[in-house]
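The values are calculated or read from the model by the stated rules, or taken from the named source; none is laboratory data. These figures come from a predicted structure and were not determined experimentally. Cβ placement follows ideal geometry from the backbone for every residue including glycine, while neighbour counts extend to all protein chains displayed. Each accessible area value is taken on the protein alone, full model and side chains, heavy atoms only, with ligands, DNA and RNA left out. Shrake-Rupley method; radii C 1.70, N 1.55, O 1.52, S 1.80 Å.
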Amino acid sequence: MRSRFCLLILLLLPVAGLAADELFDIKPVADGVYAAIAKPAYKTNCNAAIIILDDGVLVVDTHSKPSAARALMAQIKTVTDKPVRYVVDTHFHWDHYQGNEAYPSSWPAGLEIIASQPTREAIESRGIPRVKHEILTVPRDLERLRGELARAGADDRKRLQDEIAKREAYLGELRAMQVTLPSMTFDRSLVLYRKTRTVQILWLGKGHTDGDVVVYLPAEKVIATGDLLHGWMPYMADSHPYDWIRTLEAAAALDFDQVIPGHGDVLAGKDRFRLWTRYFRDLMREAAEAYARGDTRAEAREKVAAALRPTYGGPFGHYFDESIAGNVDKAYRTVGGVVD
Ligand SMILES: [Zn+2]
């Protein structure tokens, strides 16, 4: 019996390894520095940066739920046996911090979750209500899917059952979630000086939110940017567009060759910074012109999108049409206040 049990465990081990691998691609970017690139999933997860220090590990961002953070921890164990000692929340959005809880529960002794003060405040004032709101709205989504399942033909049943199972699991995590606030905040910069490397955690100005921070490794020439810059299209709802341009310029002035962004693949060099700053300038100028000539918001949406599409439709790909309306709305409101 015992040997059969051992065999069973041996058979299960690689499978458990594979299951943990499913959420992230771990890519080395420098000695002891890895990008964990999130694979598409329900719910969307952000990327992480994994930085190995002499006394432990620093992880940037914690994804949408504790199980995603635990899946990353399992993958971290494939590259180091050191404990995670520092977690950085780049900003307050749900897909970057809702996994926080998993870290102190796995390493209860001496783990700090680091963020800017505005990020900590926003998780408390906006993150917690958002979790409560989702606990009420995910069941509505489930009800709709169960209705579809009841009417579905054989071809759609499997897909719908998967969709339902994912939402049920997420809802279970939300209901059990102990929203975990950062334990350490700072104003402009927090620097970890360790024997093997120096890690700078920097607030360079308002941008995608008022509290975004970057994690910069000057010797390795690597920067992790959260959602101040990534491989998709900027999400602007909580942003400060004019400040964002200056903040990106400040980040681009640092000396780095590789970027671990909040979403999308590792980026080389500074081209993406130039693309985003140019995009914000053009977007804000077009929105200001639309406002000045008396366009309604609906007209502005259409005309600004048409003006920007030839330049940005290519570099942003399918994200352009998915995000442009929201971006124009934000730009228009920023220029003119609430106008319809
Ligand atoms: Zn994000």
- Value of [θ]222 nm, deg cm²/dmol, for the chain, DSSP H segments ≥ 4, -39500 (n - 2.57) each, nearest 500: -16000 deg cm²/dmol
- Query: Cross-link list Lys206/Lys330; Lys27/Lys82; Lys27/Lys221; Lys65/Lys270; Lys39/Lys132: which exceed 20 angstrom alpha carbon to alpha carbon?
  - Reply: Lys65/Lys270; Lys39/Lys132
- Could you point to the residue in Gln117, Ala152, Ile51 farthest towards the positive end of the chain's charge dipole, with +1 and -1 charges on the Cβ of Lys/Arg and Asp/Glu respectively? Ala152
- Item | Inter-probe distance in nm under a simple model that places probes 7 Å from Cα toward Cβ, at His133 and Trp107 | 3.2 nm
- Does the stretch 103-150 classify as rounded, prolate or oblate by the C-alpha gyration tensor (a ≥ b ≥ c root eigenvalues; a/c under 1.5 gives rounded; else a/b over b/c gives prolate, otherwise oblate)? oblate
- Could you rank the peptides 156-168, 257-269 by their average count of other C-beta atoms within 10 Å per residue, with the highest value first? 257-269, 156-168
- Each residue of the stretch 163-172 in turn: what ³J(HN,Hα) in whole Hz from Karplus with 6.51, -1.76, 1.60 and θ = phi - 60°, glycine and Pro shown as x? 4, 5, 4, 5, 5, 4, 5, 5, 4, x
- Task: Starting with the highest mean, order 140-149, 209-218 by the number of other Cβ atoms within 10 Å, averaged over the residues of each peptide.
- Result: 209-218, 140-149
- Query: If each of Lys195 and Lys77 carries a label point 7 Å out from its Cα toward its Cβ, how far apart are those two points in nm?
  - Reply: 2.6 nm
- In what sequence, highest mean first, do 124-131, 320-327 appear when ranked by Cβ atoms within 10 angstrom? 320-327, 124-131
- Item | In the stretch 281-335, the trypsin sites (Lys or Arg not before Pro) that fall in loop regions by DSSP, at most 16 other Cβ within 10 Å | Arg293
- Item | Förster radius 56 Å - calculated FRET efficiency between Ala268 and Ala298 (Cβ-Cβ, nearest 0.05) | 0.90
- Between rounded, prolate and oblate, where does the chain land on the alpha carbon gyration tensor, with a ≥ b ≥ c its root eigenvalues, rounded for a/c under 1.5, else prolate if a/b exceeds b/c? oblate
- Item | Cα-centred dipole magnitude for the stretch 77-132, charges only on beta-carbon of K, R (+1) and D, E (-1), debye, nearest 20 | 60 debye
- About the Cα centre of the chain, what is the dipole size in debye to 20, counting +1 per Lys and Arg Cβ and -1 per Asp and Glu Cβ, all else neutral? 520 debye
- Message: Assuming 0.36 nm per residue, please report the length gained on full extension of the stretch Tyr242 to Ala306 beyond their Cα-Cα distance.
- Response: 20.9 nm
- Tally Lys/Arg at +1 and Asp/Glu at -1 over every other residue whose Cβ is under 11 Å from the Cβ of His263; what's the total? -4
- Message: From the convex hull of the Cα coordinates of the stretch 210-340, what is the mean projected area in square nanometres?
- Response: 7.5 nm²
- Query: Which percent, to the nearest 5, of DSSP beta bridges fully inside the chain are antiparallel?
  - Reply: 65 percent
- Note on the structure: Simple SL model, points at 7 angstrom along Cα→Cβ for Lys166 and Glu124; separation in nm is 3.5 nm
- Asp55 to Arg146: extension gain in nm, 0.36 nm per residue of separation minus the Cα-Cα distance? 27.8 nm
- Query: Ignoring ligands, DNA and RNA, what accessible area per residue does the chain give at 1.4 Å, in Å²?
  - Reply: 47 Å²
